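See structure below.
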Amino acid sequence: MSVTITRPRSLRGEIISPGDKSVSHRAVIFNSLSDSGTAQITNFSPGADCSSTEQIMSALGVEITREPGGNAVGDSLTVKGVGLQGLVEPADILDAGNSGTTTRLLAGILAGQSFLSVLTGDQSLKTRPMGRVVNPLTNMGAKISGRANNTLAPLIFHGGYLKGINYKMPVASAQLKSCLLLAGLRADGITRLSQPAESRDHTERMLSSMGAELKKEGLDLILQPSELETIDVEVPGDISSAAFWMIAAACHPDAELLIRNVGVNPTRTGILTALNMMNAQVELTDERQVAGEPVADVLIRTSDLKGIELSGETVPLLIDEIPVIAVAASVADGETVIKDAQELRVKESDRIESSVSWLRSAGINIEGTADGMIIEGNQKINGGCFQSYDDHRLAMSLGIAGLISEHPITISDPDVAAISYPGFWQTIRELGGLVG
Ligand code: S3P
């Protein structure tokens with residue numbers, strides 16, 4: 001069923017961002033591997049991706065219970081750790097759905113087990129590159145098979161003994177480093193990773209606070225095999241979900257939105273850097289620490305945005321936000337150039353292709369390049385009916401375009417937003433933007 005979004009006269013109010021997807025995955029997985037008891041995870045991400053992780057950990061023998069959260073707070077999970085050696089052979093194929101994070105983090109765990117397991121997912125996941133985790137895990141001693149010469153899911157983990165690795169990562173990927181750190185926890189010897197650039201560091205923060213012997217030297221990470229202690233995690237709000245509202249407010253002619261409880265870990269705040277560069281009126285208030293992660297409320301108002309260049313080390317810090325930044329760039333004053341973002345080609349959709357193609361059909365002058373896009377500014381987004389390429393972040397970017405365009409925008413397959421943000425359309429409705 002489609003939805004049509006029209007621009008409300010004004011865009012005002014308070015929004016609570018749902019629990020962070022990256023932190024939620026890690027909170028369940030790492031606590032499942034802890035030795036010492038039961039963890040409480042509060043404000044767990046409501047998205048389908050994190051439910052895939054929860055179901056897989058249950059299928060591997062971890063006791064997990066879920067209780068509904070309070071008003072506008074995500075569910076609470078209780079996870080009983082089984083220790084690094086305590087997972088059991090699953091009775092069936094493990095299904096990661098649409099979730100690349102689930103697949104790559106789990107690969108690091110399943111590779112070193114004493115049992116066989118098979119991991120698969122939906123159509124999109126089966127096209128995503130898994131060689132980046134299979135190759136280094138194989139160098140650590142893992143026996144993994146998969147389609148297309150062991151580069152695509154379904155992946156079969158034959159289990160076995162792992163040794164530490166000294167590895168120069170070819171991409172700045174938090175999923176890849178997390179996979180190898182998880183494998184390194186129970187490998188024989190030290191695991192040392194050299195990152196080409198910083199990417200989100202939730203794994204490093206959480207593993208360290210669970211007692212793992214993990215050091216950082218510049219961009220290098222050095223891990224000794226370690227046992228984990230349980231920790232309770234209060235999941236901060238997801239800045240990648242909050243980013244949609246930030247762009248909506250900055251681009252709408254009469255807007256002021258306060259987004260509460262946003263995780264502002266510096267490895268995730270590329271969107272704030274980009275908005276500042278674009279001249280957005282954005283302020284952080286009530287900055288605080290929640291479970292080892294910085295959190296703030298974000299106030300953002302109607303702004304005279306200008307075009308910018310995004311490249312280099314900023315890109316991994318806002319990689320998931322680029323489809324909605326492209327919407328803002330279309331209406332900003334002046335050209336925007338995005339470079340060094342070739343990773344977009346291997347996300348839930350090819351996000352260079354999908355963003356360029358939908359914006360072009362909405363009348364925007366935009367050009368895709370091998371590693372990014374060039375967007376002419378000062379344009380009007382035409383209305384019409386568009387599809388999301390089965391990509392949650394594309395669907396929500398279309399929704400935000402509807403909130404700021406003078407013409408209604410219909411999204412033919414809005415349900416895919418539930419991968420990370422099931423309440424997204426309801427919030428649009430509350431902001432006065434949903435027609436039907
Ligand atoms: C994630 C890392 C990013 C991001 C994804 C979530 C994570 O992927 O795009 O949505 O939780 O580790 P890469 O690390 O592959 O860039």
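The values are calculated or read from the model by the stated rules, or taken from the named source; none is laboratory data. In this text the structure is predicted, and so the values were computed from the model without any measurement. Cβ sites come from the backbone with ideal geometry, for glycine too, and all protein chains shown count toward neighbours. The area values use the complete protein model at the heavy-atom level, side chains included, leaving out ligands, DNA and RNA. Shrake-Rupley method; radii C 1.70, N 1.55, O 1.52, S 1.80 Å.
When the accessible area of the stretch 21-234 is computed with all protein chains present and a 1.4 Å probe, what percentage of it is carbon and sulfur? All intermediate terms of the calculation are to be shown ahead of the outcome.
On the way: 3850 of 7870 Å².
The nonpolar share, carbon plus sulfur, comes to 49 percent.
Per residue Cα convex hull volume for the stretch 21-234, in cubic angstrom? Mind showing how you got there, number by number?
Numbers: hull volume 22.8 nm³, N = 214.
Roughly 106 Å³ of hull volume per residue.
If you line up the long axis of helix 239-251 against the longest principal axis of the chain, both from Cα atoms, how many degrees apart are they, to the nearest 10?
With rounding to tens, the tilt is 10 degrees.
Run through the DSSP bridge list for the chain and note the antiparallel percent, rounded to the nearest 5. Don't jump to the answer; show the numbers that get you there.
Values: 50 of 71 bridges.
Taking every DSSP beta bridge within the chain, about 70 percent pair in antiparallel fashion.
Just the projected area, averaged over all directions, of the convex hull on the alpha carbon atoms of the chain: how many nm²? Can you show the working numbers first?
Working: hull surface 73.1 nm².
Taking the Cα atoms of the chain, their convex hull projects to 18.3 nm² on average.
Just add up the charged neighbours of G19: K/R +1, D/E -1, any other residue whose Cβ is under 10 Å from the Cβ of G19.
-3
Of N71, N261, N382, which has the largest mean-square fluctuation in a 10 Å C-alpha GNM of the chain?
Between N71, N261, N382, it is N71 that shows the largest mean-square fluctuation.
Take each of the peptides 82-92, 112-122, average the number of other beta-carbon atoms within 10 Å over its residues, and list them starting from the highest. If you can, show how the numbers build up before the last one.
Details: 82-92: 14.5, 112-122: 18.7.
Highest to lowest by the protection proxy: 112-122, 82-92.
Principal axis extents for the stretch 166-234, Cα atoms only, whole Å, descending order, please.
32, 30, 19
Can you give the charge dipole size of the stretch 378-436 about its Cα centre, rounded to the nearest 20 debye, using +1 on the beta carbon of Lys and Arg and -1 on the beta carbon of Asp and Glu? Walk me through the numbers before you get to the answer.
Numbers: 3 positive and 6 negative charges, 35 e Å.
With only Lys, Arg, Asp and Glu charged at Cβ, the dipole is about 180 debye.
If you take all C-alpha pairs in the stretch 32-154, what percent of them are over 20 Å apart? Please list the in-between numbers first.
Values: 3454 of 7503 pairs.
Of all Cα-Cα pairs in the stretch 32-154, 46 percent lie more than 20 Å apart.
For a quick check: with amide H placed at 1.01 Å from N, whose amide H comes under 5 Å from N166's, ignoring anything fewer than 5 positions away on the same chain?
Long-range HN contacts for N166: R192.
For P266, what charge total do you get from the other residues with a beta carbon under 9 Å from its beta carbon, if Lys and Arg give +1 and Asp and Glu give -1?
Details: positive: R268; negative: E198, D201.
Surrounding charge for P266 is -1.
Taking the Cα centre of the chain as origin, sum charge times position over the Cβ atoms of Lys and Arg (+1) and Asp and Glu (-1), and report the length of that vector in debye to the nearest 20. Numbers along the way, then the final one.
Details: 35 positive and 52 negative charges, 156 e Å.
Value, rounded to 20: 740 debye.
Going by accessible area, probe 1.4 Å, with all protein chains left in place, what is the ranking of Y167, Y421, Y389, Y161, largest first? It would help to have the intermediate numbers written out before the result.
Working: Y167 40, Y421 10, Y389 75, Y161 145 Å².
Greatest to least solvent exposure: Y161, Y389, Y167, Y421.
Using the heavy atoms of the protein chains alone and a 1.4 angstrom probe, what is the accessible area of the chain per residue in square angstrom?
Numbers: 15680 Å² over 436 residues.
Accessible area per residue: 36 Å².
Using the Cα centre of the stretch 298-436 as the reference point, and only Cβ charges (+1 on K/R, -1 on D/E), how large is the resulting charge dipole? Debye, rounded to the nearest 20.
Details: 10 positive and 21 negative charges, 75 e Å.
The calculation lands at about 360 debye.
If a/c stays under 1.5 just call it rounded; otherwise compare a/b with b/c (prolate if a/b is bigger, oblate if not). Do that for the stretch 238-280, with a ≥ b ≥ c from the square roots of the Cα gyration tensor eigenvalues.
Working: a/c = 2.49, a/b = 1.35, b/c = 1.84.
Judged from the Cα gyration tensor, the stretch 238-280 comes out oblate (a/c at least 1.5, b/c at or above a/b).
Between H407 and E213, what is 0.36 nm times their sequence separation minus the Cα-Cα distance? Round to one decimal in nm.
64.4 nm
For n ≥ 4 DSSP H runs only, could you compute -39500 (n - 2.57) per run for the chain, divide by its residues and tell me the 222 nm figure to the nearest 500? Mind dumping the intermediate values first?
On the way: 13 runs with 130 residues, N = 436.
So the calculated ellipticity at 222 nm is -9000 deg cm²/dmol.
Residue farthest toward the positive end of the dipole of the chain, with Cβ of Lys/Arg at +1 and Asp/Glu at -1: which of S51, V118, T138?
Value computed over the given set: T138.
Any idea of K80's accessible area? Nearest 10 Å², probe 1.4 Å.
100 Å²
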